[in-house]
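What follows is calculated from the coordinates using simple rules that are stated; it is not laboratory data. In this text, all values refer to a predicted model and were calculated from it rather than measured experimentally. Methodologically, a virtual Cβ is constructed for each residue, glycine included, from the backbone with ideal geometry; neighbour enumeration extends over all protein chains shown.
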2 protein chains.
Amino acid sequence: MRPRDEHKEQQIRQKAIELIVAEGLDGFGVNKLARAAGVSPATIYIYHKDKEELISSICVGVAEKMMDFSLQNFSPDMDFAEGLRVQWRNRLEYFMQCPLDMEFIEIMRYTHFYEKVTAMLTISFGQILGAFMRNAEEKKQLVPLPFEVYWAVAYAPLYQLIKFHNQGNSYVNSSFTLDDKLMEQTLGLVLKALKP
Amino acid sequence: MRPRDEHKEQQIRQKAIELIVAEGLDGFGVNKLARAAGVSPATIYIYHKDKEELISSICVGVAEKMMDFSLQNFSPDMDFAEGLRVQWRNRLEYFMQCPLDMEFIEIMRYTHFYEKVTAMLTISFGQILGAFMRNAEEKKQLVPLPFEVYWAVAYAPLYQLIKFHNQGNSYVNSSFTLDDKLMEQTLGLVLKALKP
DNA sequence: TTTAAATAAGCGAACGCTCACTTATATTTG
DNA sequence: CAAATATAAGTGAGCGTTCGCTTATTTAAA
């Protein structure tokens, strides 16, 4: 039996992300991908049932990687300010290291492919971060809040900054670069909002 | 000369939004749209140069409508807390009245079609809200901040709540509905973060 | 150790179908 | 009639997917 060339599957996944980020979900095609990855269209169908499953599996793969990354050096028992800072740092570092992954996920977020990702995140992410929130509340380091309100205040600002950075400008400034100082300044405001 | 049936153009725009929200940008086609709107494909090309321009113009139209709506009863001279509350209320009301528009814009946000919208928003939105921010700073009702940091803290949480509402759940709760009380609670936290 | 059968990877070419878009024709107004 | 709208019926291009075949590797009988 001829063994798989793992490099080929890697190429397929990598080029798929690049193509979708560059040209969007429309404009992405299996034949185009095959040409870009240097394989035959038929080869793609050895690894994936169809186009749907191909995109889905890449989506879930990237999301898993991102989740693992953002929980590095993090524990739900941490003090609130410290734990939130670790997560902000992790997300920022991931986005700096893998900007393509980040853009890819943003594109997928509003497609039906993302439902599977949400299901996964709910299980792994939700449990850990739910515990983190409850612990912080018990230690009186966080005002008691519905989870959604907490999440919206605690994380949405960071993602918005990353969005501004990715598009390179905001509604008033014609250029914008996110750095550590800006992140700390924003995190400071968020902590001010959430601390009792 | 035979006059245009304006109802047809309206139908085309409305059904295009419905189709894209229901099936995503891929899965959206001119022939499908024609069938849904009850016109011939060729009729669409009387009103629009090509598919690109069709989507673009709908996108800009919706964004303009949304922007006008969110600036109702608002002036850059308003007190900070009051002005921010008016904007949050307007956005929430718009989203309650036109949930399809909101989902449509969210889908378009990460496509190249959105560049024209960003350009438009930068001019109209950015100037008014930039002025609002500077005024609030001068009145000592808002801590001095880079515009992007201000925007991320002031608006991103609301959009995140709307996102949770649209998808009907969050990472820990299996159902979520955004209402006035939750909005006020979140706005309270945001104001706490931004006030000196 | 040799070698042929077995098996899965991999490929180029093409299939059927849908796509964005056009053409030829009819309809409806001033 | 003149002129613009509206349409039914296309068009070629490109899509996802499959087919018939070759290649690389393992297995195991001779």
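Brief remarks follow.
- Extent along the principal axes, Cα only, for region B:105-196: 44, 35, 18 Å, with the longest axis given first.
- Computed 3J(HN,Hα) for region B:94-99, one whole-Hz value per residue from the Karplus formula 6.51 cos²θ - 1.76 cosθ + 1.60 where θ = phi - 60°, is 4, 5, 6, 6, 10, x, glycine and proline marked x.
- Position residue B:96, label points 7 Å along Cα→Cβ, spacing to each other copy in nm (shortest first, one decimal): 4.3
- Largest mean-square fluctuation among B:149, B:21, B:60, in a Gaussian network model of chain B whose springs join Cα atoms under 10 Å apart, belongs to B:149.
- Taking the helices alone, the protein assembly as shown has a mean residue ellipticity at 222 nm of -24000 deg cm²/dmol, built from -39,500 (n - 2.57) per DSSP H run of at least 4 residues and averaged over all its residues.
- Extension reserve of the residue B:47-residue B:82 stretch, reckoned as 0.36 nm per residue once the Cα distance is removed: 8.4 nm
- Cross-link partners for residue B:140 among the lysines, with Cα-Cα distance under 22 Å and sequence neighbours closer than 8 places in the same chain left out: A:192, B:192, B:195.
- Distances between copies at residue B:144, taken between label points 7 Å from Cα along the C-beta direction, are 4.0 nm in increasing order.
- Of the residues B:192, A:15, A:139, the one with the fewest other Cβ atoms within 10 Å heads the list, and the complete ranking is A:139, B:192, A:15.
- Cα radius of gyration and Dmax for the protein assembly as shown (Å): 22.4, 77
- Under the Karplus curve 6.51 cos²θ - 1.76 cosθ + 1.60, θ = phi - 60°, whole-Hz ³J(HN,Hα) for region B:139-152, x wherever Gly or Pro sits: 7, 6, 9, 9, 5, x, 8, x, 3, 5, 5, 4, 4, 4
- Put simply, the convex hull of the Cα atoms in region A:1-63 casts, on average, a shadow of 4.3 nm².
- When both region A:123-154 and region B:61-93 are represented by their alpha-carbon centers, they are found 30 Å apart.
- Here chain A is treated as a sphere whose radius is the Kirkwood value from Cα pairs; by Stokes-Einstein at 37 °C and 0.692 mPa s it diffuses with a coefficient of 176 µm²/s.
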